[in-house]
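Undergrad: Quick one: structure below, then a few questions.
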Amino acid sequence: KAGVTQTPRYLIKTRGQQVTLSCSPISGHRSVSWYQQTPGQGLQFLFEYFSETQRNKGNFPGRFSGRQFSNSRSEMNVSTLELGDSALYLCASRKQGTSTDTQYFGPGTRLTVL
Amino acid sequence: DQQVKQNSPSLSVQEGRISILNCDYTNSMFDYFLWYKKYPAEGPTFLISISSIKDKNEDGRFTVFLNKSAKHLSLHIVPSQPGDSAVYFCAARIASGGSYIPTFGRGTSLIVHP
């Protein structure tokens, strides 16, 4: 069974630009979560989508947004990029989003903002 | 405010010896705890979990211990192998009635020397 895939794997942008990252969950998984990983902060939760609806949101500014499509694929958008947005962005999928579910992570997209 | 803390950013262990990774949490509502392992250029992979109704869970070389009164958990790897060298993340979540979104610590980098 194919794992979680994320595209692109690497991205370089400049301040003020916007970026869209893509995540394809494991087939049959309906929940997709996004995390930001930076060296000093670990994994910080951005948001979770389930059946095309945002179900949970972390403590990030409105410049960070996302959406989920009917096939469960998800995109994350960051507008007006800042230097501090440089990070590894990880996507994780779960089957139903219940308490017994395990999250499966993709390899991440490494975003560098210059 | 960090609700899940991994106070040791790194740990170095000799092959064959025991590795002990520690994690503290502050939210007494957490009732399900997980450990993830992350290699460079890959997403975190689920390693082992424990429910708050238990104080120990074992899976091969990996054992997680939970001390609820101290709000402390630890991951023991015995014997340690060079392939265990990775970053280990502790995570906690509210399994019953919560959002099931885990809160992660900042990670501990384990290096196992041959």
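Just so it is clear, none of the values below were taken in a lab; they were calculated from the coordinates. Note that the structure is a prediction, hence the values are computed from the model and not measured. Because the Cβ atoms are built from the backbone with ideal geometry, glycine has one as well, and the counts that use them run over all protein chains shown.
Undergrad: Sequence gap at least 6, Cα distance under 8 Å: using those rules, report the relative contact order of chain B to the nearest whole percent. Working shown, then result.
TA: Values: 279 pairs, mean separation 41.7, N = 114.
Once normalised by length, the contact order is 37 percent.
Undergrad: Once you have the alpha carbon radius of gyration of the protein assembly as shown, what is it after dividing by 2.2 N^0.38 Å, with N set to its residue count?
TA: Values: Rg = 17.5 Å, N = 228, 2.2 N^0.38 = 17.3 Å.
The value comes to 1.01.
Undergrad: Given +1 on the Cβ of Lys and Arg, -1 on the Cβ of Asp and Glu, and no further charges, what dipole in debye does the protein assembly as shown carry about its Cα centre, rounded to the nearest 20?
TA: Details: 24 positive and 15 negative charges, 61 e Å.
Taking the Cα centre of the protein assembly as shown as origin, the dipole is about 300 debye.
Undergrad: Here is a follow-up. Over chain B, with a single point scatterer placed on each C-alpha, what log10 of the ratio I(q)/I(0) does the Debye formula yield at q = 0.12, 0.16, 0.17 1/Å?
TA: Summing over Cα pairs of chain B leads to -0.38, -0.68, -0.76.
Undergrad: On to the next question. What's the exposure ranking of B:His72, B:His113, going from fewest to most Cβ atoms within 10 Å?
TA: Details: B:His72 14, B:His113 11.
Ordered by Cβ neighbours within 10 Å, fewest first: B:His113, B:His72.
Undergrad: While we're here: So if I take the alpha carbon set of chain A, get Rg, then get Rh from the Kirkwood formula, what is the Rg over Rh ratio? Intermediate values should be presented prior to the final figure.
TA: On the way: Rg = 13.3 Å, Rh = 14.0 Å.
Reported Rg/Rh, Kirkwood definition of Rh: 0.95.
Undergrad: Take peptide A:103-113, look around each residue's Cβ out to 10 angstrom, count Cβ atoms belonging to other protein chains, and average those counts. Don't skip to the end; give the middle numbers.
TA: Numbers: counts 11, 4, 7, 3, 4, 5, 0, 1, 0, 0, 0.
Mean partner shielding for this stretch: 3.
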